[in-house]
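The values are calculated or read from the model by the stated rules, or taken from the named source; none is laboratory data. From a predicted model like this one, the values you see are computed outputs, not experimental measurements. Cβ sites come from the backbone with ideal geometry, for glycine too, and all protein chains shown count toward neighbours. Just so you know, the surface numbers come from the protein's heavy atoms only, side chains and all, with ligands and any DNA or RNA stripped out. Shrake-Rupley method; radii C 1.70, N 1.55, O 1.52, S 1.80 Å.
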Amino acid sequence: MGKKRRRRGVSVGTIVMLLLTALVIAGCAFFLTAIAGEDLYAKTGELFRSLTEQGVFAPHSSGEPQTDEPEQEDSVPVASQEQPTAIAPSPTPVPAASTFTLAAAGTVYAPKVVRQGAEEETDHYDFAPVFAGLGTALSEADLAVATLETTTAGKEAGYGNYNTPAQILDALRDAGVDLIALATERALEKGYEGLDLTVSELTARGLAYAGVNPDGGGVSATMMSVGGVQVAVLSYTYGLSDEGREKTREDSQGVLAMLETERVVSDITKARVDGANVVIVLPHWGTKNKTETPENIRTMARAMAEAGADIILGTHPNVVQGVERLSVARSDGLTYEAVVCYSLGCLLTDARTEENTAGMIAHLSVTYDPVTRRASLGELAYTPVYIARQREGSASVYRVVDAQNAQALSALEEGEQEAARRAAEIVREAVGQSEQEEQG
């Protein structure tokens, strides 16, 4: 590369010539001022200052030539300069997990003898004392469910074993129940009109229901927001009673949810697509008065869990069966847990065998994490219940009690207290045996 040529400065001779020129101009200005006055002098001065600003007469402190280096600006201390305030980006909030508690009771059946014990006067019934002995077993939960194995179709339809005064719904609501499963073999005992009246009575009391659609056209999941979690509840029945079939048309499946594996799997999948974070299935299945769970019921429960059911709470056998915690792979390839109670037994019945009078209320804590989109299930707990029958005045009355609550038991006769303790043992044995089998 060639050397960089240095620009030449203004020579001494040039400076001398400029000074002489300035003197000549000044002299002329003095002469003209004397002739033309001070205005011309002032204008000449302005011309001289203009030439100076343009650098023509730029003064220097020495005779060294002027260089073309740029004039340095005065430096300003960094501390004195105003710096812009940095605004940190706001962190994206992480959605918090939500938890709710669930309580699930068995079937409610109130035939004539139960109804008579609740009748205070003609056509006026008070079922509240029937469930008073449960304490807070249902009411403390965020969501409490039970299965109604009767209708509330009104007196005009004729009270009987499967048509009960609607006041029983008041008592269930006051005990803490939030949702009633209606899909049982008795749902259509009073025909479509009776089912429609039952649904109206539930709705008037602010109670949700699952498993039926009186308007027909198919039964969908009941969607509820519980503790910030979107919960889908599905209810099914294995079939209809003989009397129920006689009072229905061929299109009963559009009104009542029937327990068919393919249909249940499809419904669970749709509930997930519709936004359900947690899916609860209440199947009315199995064989009455059998404490052993049939293999086909276990197979169906696994199919439900694989499809997306988190909690499965069975009824119909009217006795308590075992519980199981399933680990299943779902369509996304991940492993999930599901809790199954194959039969919760009865919450209310007139039957007097030891197994029939022993029921259970299952308790479960459910946490949904919106980040992972998964639900985690806590340890399953349970309250054993006993359905007592004793004389009060001239009537036989039925009382459902927490079989482990000393205060509730103290209101019973001595013989009934002993029967309640036996009911608690039956429930513990059923649950404990299934837990041992699962661990083995």
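Here are the numbers for this structure:
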read-out: Average projected area [Cα convex hull, the range 152-214], square nanometres; value: 3.9 nm²
read-out: Fraction of accessible area attributable to carbon and sulfur, the range 124-175 (%, probe 1.4 Å); value: 44 percent
read-out: Peptides 380-387, 223-230 ordered by average Cβ neighbours within 10 Å, highest first; value: 380-387, 223-230
read-out: Magnitude of the charge dipole, the range 258-340, Cβ model with Lys/Arg +1 and Asp/Glu -1, debye to 20; value: 160 debye
read-out: Unit charges at the beta carbon, dipole of the range 286-435: most positive-side option, T293, C341, A305; value: A305
read-out: Solvent exposure of the range 381-429 as accessible area per residue, Å², 1.4 Å probe; value: 49 Å²
read-out: Fraction of beta bridges assigned by DSSP in the range 294-440 that are antiparallel (%, nearest 5); value: 90 percent
read-out: Size of charge dipole - the range 178-266 - debye, nearest 20, with Cβ of Lys, Arg +1 and Asp, Glu -1, no other charges; value: 220 debye
read-out: Label point 7 Å beyond Cα of Q390 along Cβ direction - residues of the range 106-147 with amide nitrogen under 13 Å; value: 133
read-out: E413/E354 FRET efficiency (R0 22 Å; Cβ-Cβ; nearest 0.05); value: 0.85
read-out: Cα convex hull of the range 198-249 - mean projected area over all directions, nm²; value: 4.8 nm²
read-out: Overall dimensions of the range 281-327 by Cα: Rg and Dmax, Å; value: 10.3, 29
read-out: Added length on full extension, which subtracts the Cα-Cα distance from 0.36 nm per residue, E292 to E429; value: 48.1 nm
read-out: 16 Å cut-off, amide nitrogen to a point 7 angstrom out along D196 Cα→Cβ, residues in the range 143-175; value: 152-154, 156-157
read-out: FRET efficiency estimate (nearest 0.05) - Cβ-Cβ, V371 to E243, R0 51 angstrom; value: 0.50
read-out: Diffusion coefficient, µm² s⁻¹, Stokes-Einstein with Kirkwood Rh over alpha-carbon pairs of the range 316-440 at 4 °C and 1.567 mPa s; value: 80 µm²/s
read-out: Cβ-derived FRET efficiency at R0 51 Å, T92 paired with S139, nearest 0.05; value: 0.85
read-out: Electrostatic dipole magnitude of the range 91-189 [Cβ: Lys, Arg +1; Asp, Glu -1; Cα centre; debye, to 20]; value: 260 debye
read-out: Accessible area of the range 118-208 divided out per residue, in Å², using a probe of 1.4 angstrom; value: 36 Å²
